[in-house]
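What follows is a single structure, written as structure tokens, with notes after it.
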Amino acid sequence: MSDLPKPDYARNMRIIGHSDQGGRPDGVQVMVHRGFAYIGHMFSKGFSVIDVRDPKNSKPAAYVPAPANTWNIHLQIHDDLLLVIHAKDMFAAAEFADEKAYYKGQLGKTVGTAESKRARDWSAGLAVYDISNPAAPKQIGFMPVEGGGIHRIWYTGGRWAYVSVLLDGFTDYIFMCVDMSDPAKPRAAGRWWIPGMHAAGGEKISWSPTARFGLHHAIIHGDTAYAAWRDAGMVVIDIADRENPKLISHRDGAPPVGGGTHNCLPLPDRNLLVVLDEAVLDHQEDGVKNIWVFDNRDTAKPEIISSFPQPKDANYKNKGGHFGPHNLHENRPGSFVSSELIFSTWQNAGIRVHEIGDPHAPIEVGAWVPPAPIQMMDRRPNRARVIQSADVFVDAGGLVYSTDYNGGLYILEFKG
């Protein structure tokens with residue numbers, strides 16, 4: 001225990017384990033399944049599998065490299081299937097050396113997918129692995145797409161998966177249903193986008209050309225997709241017909257929301273939504289970002305009723321790197337599921353736990369801020385050596401797993 005990292009700040013949380021992920025301590029999305037953590041890398045390419053059956057003594061179990069110039073940053077798991085995204089490695093590309101370029105304007109035009117099929121040197125699509133042997137993923141299927149690739153997935157078993165995908169002819173990522181009836185041959189099905197995004201179809205944008213109107217991902221409940229559409233805010237989509245999705249409502253991003261919408265988490269037992277707007281620039285240059293609580297009794301007109309308090313235990317705005325929300329634990333089946341405790345990452349402010357028993361007055365009940373990373377896996381220019389907590393996953397037993405762009409995997413207990 002004495003060798004574990006010491007937090008910069010802790011409240012009602014303690015560390016019980018840490019992993020440098022086999023010397024690849026950069027991580028984005030993490031899923032924990034049958035005692036193994038599956039982690040997509042931001043800079044090390046590929047993804048890793050970590051044996052966390054003994055969380056105090058975790059061990060690297062496998063590393064699967066990505067194809068050249070390709071991201072595998074996001075993944076999903078159900079039963080014996082692991083789904084992994086393939087997309088252009090944006091942060092290794094010269095056009096995104098300044099991170100601001102990734103979060104501004106029409107990504108499809110920058111990447112070259114909106115107007116023409118440029119020569120490309122990356123893999124784009126959805127890879128499917130058999131993980132019946134958890135420590136030895138075996139690829140069994142692949143669905144290629146023409147374009148920049150897939151960014152994120154929602155899959156909790158059954159016939160359908162749901163992805164955000166950057167396709168040729170579109171200005172940014174759109175929503176797509178994927179038929180998983182045959183895991184060896186996933187099939188693209190219905191699509192939906194905000195009118196104006198289909199540049200190849202002659203559509204013209206009606207929003208500011210500097211805004212990112214692109215889907216981050218959707219969370220599915222029943223026949224409804226709650227889609228986080230970055231600067232366009234939240235889009236609610238009827239997917240009863242997976243071949244022909246239809247709009248239910250579009251809650252624009254501003255005002256008072258500051259754009260960058262990243263997660264839209266339904267809490268159906270309480271008719272609530274928790275909607276997170278991602279902070280994407282250093283020192284809050286893109287403004288203060290919030291996690292919002294919506295009243296969702298009328299799915300056609302969700303209304304903001306409160307926001308989570310901002311961390312005030314340190315001057316995070318001036319700390320360096322990004323300060324503000326990034327990701328939520330998403331109540332996946334088989335994990336910890338709660339409509340009152342919300343776990344989130346706040347980048348240089350670490351991991352936070354909020355209680356929303358009173359949805360009009362959320363309160364912070366736990367926090368754990370990792371120390372500065374030992375080494376920098378992020379070698380882009382002008383990156384500060386500070387923690388950038390990326391994702392958080394809480395298992396059914398309540399253990400908290402969090403990744404960082406440089407600092408490895410932290411395994412925590414919440415004592416609230």
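You will find that of A367, A384, A349, the residue that is surrounded by 24 or more Cβ atoms within 10 Å (Cβ to Cβ), farther than 30 Å from A161 by Cα and in contact (Cβ under 8 Å) with a residue 12 or more places away in the chain is A349 and no other. Can G222 be described as surrounded by 22 or more Cβ atoms within 10 Å (Cβ to Cβ), farther than 14 Å from G190 by Cβ and among the small types (G, A, S)? It is false that G222 is surrounded by 22 or more Cβ atoms within 10 Å (Cβ to Cβ), farther than 14 Å from G190 by Cβ and among the small types (G, A, S). Of all residues in region 133-148, those satisfying the criterion of being closer than 29 Å to K59 by Cα, touching a residue at least 24 places away in the same chain (Cβ under 8 Å) and not in a strand (DSSP E or B) are P134, A135, A136, P137. Checked against (1) without any contact (Cβ under 8 Å) to a residue 12 or more places away in the chain; (2) farther than 30 Å from T210 by Cβ, M31 passes all but condition (1). There is at least one residue in region 247-267 that is modelled with pLDDT under 95, of a type in the set (D, E, K, R), surrounded by fewer than 21 Cβ atoms within 10 Å (Cβ to Cβ) and farther than 27 Å from S402 by Cα. For region 327-338, a residue qualifies if it is of a type outside the set (A, V, I, L, M), assigned to a strand (DSSP E or B) and either out of contact with any Asp or Glu (no Cβ under 8 Å at 6 or more places or on another chain) or surrounded by fewer than 24 Cβ atoms within 10 Å (Cβ to Cβ) (or both), and exactly one does: S335. Under the condition of being under 26 Å from S132 (Cβ atoms), surrounded by fewer than 17 Cβ atoms within 10 Å (Cβ to Cβ) and among the charged types (D, E, K, R), the residues counted in region 174-204 number 3. For the condition closer than 25 Å to A92 by Cβ and either part of a loop (DSSP other than H, G, I, E, B) or over 21 Å from the mean Cα position of the chain (by Cα) (or both), R120 qualifies. Condition first: more than 18 Å from the chain's Cα centre (by Cα), part of a loop (DSSP other than H, G, I, E, B) and within 25 Å of V235 (Cα to Cα). Can you find one or more residues in region 339-351 that meet it? Yes: region 339-351 contains one or more residues that are more than 18 Å from the chain's Cα centre (by Cα), part of a loop (DSSP other than H, G, I, E, B) and within 25 Å of V235 (Cα to Cα). In region 149-160, the residues that are of a type in the set (K, R) form Cβ pairs under 8 Å with partners that are in a strand (DSSP E or B) and surrounded by 22 or more Cβ atoms within 10 Å (Cβ to Cβ), at six or more places apart or across chains, as follows: R152/I85; R152/V163; R152/S164; R152/H217. The condition of being within 21 Å of the chain's Cα centre (by Cα), charged (D, E, K, R) and closer than 19 Å to D172 by Cβ holds for only one of K109, K100, that being K100. Listed by position, the strands (runs of 3 or more DSSP E) inside region 173-280 whose residues that are under 25 Å from P325 (Cβ atoms) number at least 3 are 217-221, 224-228, 234-238, 246-251, 261-267, 272-277.
Checking each residue in region 144-166 for being surrounded by fewer than 24 Cβ atoms within 10 Å (Cβ to Cβ) and over 11 Å from K88 (Cα atoms) picks out P144, V145, E146, I153, W154, Y155, T156, G157, G158, R159, W160.
Within region 289-313, if we keep just the residues that are at pLDDT below 95, in a loop (DSSP other than H, G, I, E, B) and touching a strand residue (DSSP E or B) at 6+ places or on another chain (Cβ under 8 Å), the residue that is surrounded by the fewest Cβ atoms within 10 Å (Cβ to Cβ) turns out to be A300.
Do you know which residues across region 78-117 are part of a loop (DSSP other than H, G, I, E, B) and modelled with pLDDT of 90 or more? Selection gives D79, D80, D89, K104, G105, Q106. A search for C-beta distances below 8 Å between a residue of region 181-202 that is at positive phi and any residue that is in a loop (DSSP other than H, G, I, E, B), counting only pairs 6+ apart in sequence or on different chains, returns G196/T171; G196/E203; G196/K204; G196/I205; G196/S206; G196/W207; G196/F213.
The values are calculated or read from the model by the stated rules, or taken from the named source; none is laboratory data. Bear in mind the structure is a predicted one, so any value in this text is a computation, not a measurement. FYI the Cβ positions are ideal-geometry reconstructions off the backbone, even for glycines, and counts take in every protein chain you see.
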